[in-house]
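Undergrad: The structure follows.
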Amino acid sequence: MTKITFVRPGGEREIVNAEPGHSVMETAVDNGIDEIVAECGGCLACATCHVYVDEADLDRLPPPSAAEDAMLEATAAPRTLCSRLSCQLKATPELGDLTVHLPSEQY
């Protein structure tokens with residue numbers, strides 16, 4: 001099972017198990033990670049599930065789609081090279097464990 005480590009802006013870490021096929025956003029919401037707002041429920045219509053993927057994990061992720069890339073321009077916190085929308089990141093055996101840093105604001 002994939003373990004996702006959520007790192008809060010103050011540095012606090014919370015490690016949760018992700019069900020195979022669930023998104024990082026779904027895993028966050030199911031486990032009370034309040035920094036992930038997910039207003040649209042994961043249909044790529046908002047940017048309130050913005051995360052910064054740990055640099056050590058970036059190479060294992062597929063690149064963002066054109067739609068995700070466009071939506072990343074609407075994040076409340078600054079976009080960086082590590083920015084992703086957590087609704088687009090699926091827990092899979094191939095992905096393995098993942099660490100994401102939560103931005104200080106989502107909207």
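The values are calculated or read from the model by the stated rules, or taken from the named source; none is laboratory data. Since we're looking at a predicted model, the values are computed, not measured. In this analysis, Cβ positions are derived from the backbone assuming ideal geometry, glycine residues included, and neighbour counts consider all displayed protein chains.
Undergrad: Got a sec? Which of Thr75, Thr48 is under 27 Å from Gly10 (Cβ atoms) and either surrounded by fewer than 20 Cβ atoms within 10 Å (Cβ to Cβ) or in contact with a strand residue (DSSP E or B) (Cβ under 7 Å, 6 or more places away or on another chain) (or both)?
TA: Working: Thr48 fails: either surrounded by fewer than 20 Cβ atoms within 10 Å (Cβ to Cβ) or in contact with a strand residue (DSSP E or B) (Cβ under 7 Å, 6 or more places away or on another chain) (or both).
So the residue among Thr75, Thr48 that is under 27 Å from Gly10 (Cβ atoms) and either surrounded by fewer than 20 Cβ atoms within 10 Å (Cβ to Cβ) or in contact with a strand residue (DSSP E or B) (Cβ under 7 Å, 6 or more places away or on another chain) (or both) is Thr75.
Undergrad: Look at region 1-34 and say how many of its residues are closer than 23 Å to Glu73 by Cβ and surrounded by fewer than 18 Cβ atoms within 10 Å (Cβ to Cβ).
TA: Restricting attention to region 1-34, the residues satisfying the condition of being closer than 23 Å to Glu73 by Cβ are 9, 23-25, 28.
Of the ones still in play, those that are also surrounded by fewer than 18 Cβ atoms within 10 Å (Cβ to Cβ) are 9.
Selection size over region 1-34: 1.
Undergrad: Could you pull out the residue among Ala70, Ala45 that is at pLDDT 95 or above, out of contact with any Cys (no Cβ under 9 Å at 6 or more places or on another chain) and of a type in the set (A, V, I, L, M, F, W, C)?
TA: On the way: Ala45 fails: at pLDDT 95 or above.
None of the others qualify; the one that does is Ala70.
Undergrad: Is region 54-61 home to any residue that is in contact with a helix residue (DSSP H, G or I) (Cβ under 6 Å, 6 or more places away or on another chain) and crowded, with 16+ Cβ neighbours inside 10 Å? Can you show your working first?
TA: Going through region 54-61, the residues in contact with a helix residue (DSSP H, G or I) (Cβ under 6 Å, 6 or more places away or on another chain) turn out to be none.
No, the conditions are met nowhere in region 54-61.
Let's see how each residue does on (1) without any contact (Cβ under 8 Å) to a residue 40 or more places away in the chain; (2) outside any helix (DSSP H, G or I); (3) among the polar types (S, T, N, Q); (4) under 15 Å from Tyr107 (Cβ atoms):
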{"position": "Phe6", "(1), (2), (3), (4)": "no, yes, no, no"}
{"position": "Val16", "(1), (2), (3), (4)": "yes, yes, no, no"}
{"position": "Pro20", "(1), (2), (3), (4)": "no, yes, no, no"}
{"position": "Thr27", "(1), (2), (3), (4)": "no, no, yes, no"}
{"position": "Ile36", "(1), (2), (3), (4)": "no, yes, no, yes"}
{"position": "Cys43", "(1), (2), (3), (4)": "no, yes, no, no"}
{"position": "Tyr52", "(1), (2), (3), (4)": "no, yes, no, no"}
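Undergrad: Something else: Could you run through region 91-107 and say how many residues are surrounded by fewer than 18 Cβ atoms within 10 Å (Cβ to Cβ), out of contact with any helix residue (DSSP H, G or I) (no Cβ under 7 Å at 6 or more places or on another chain) and over 12 Å from Tyr52 (Cβ atoms)?
TA: 6
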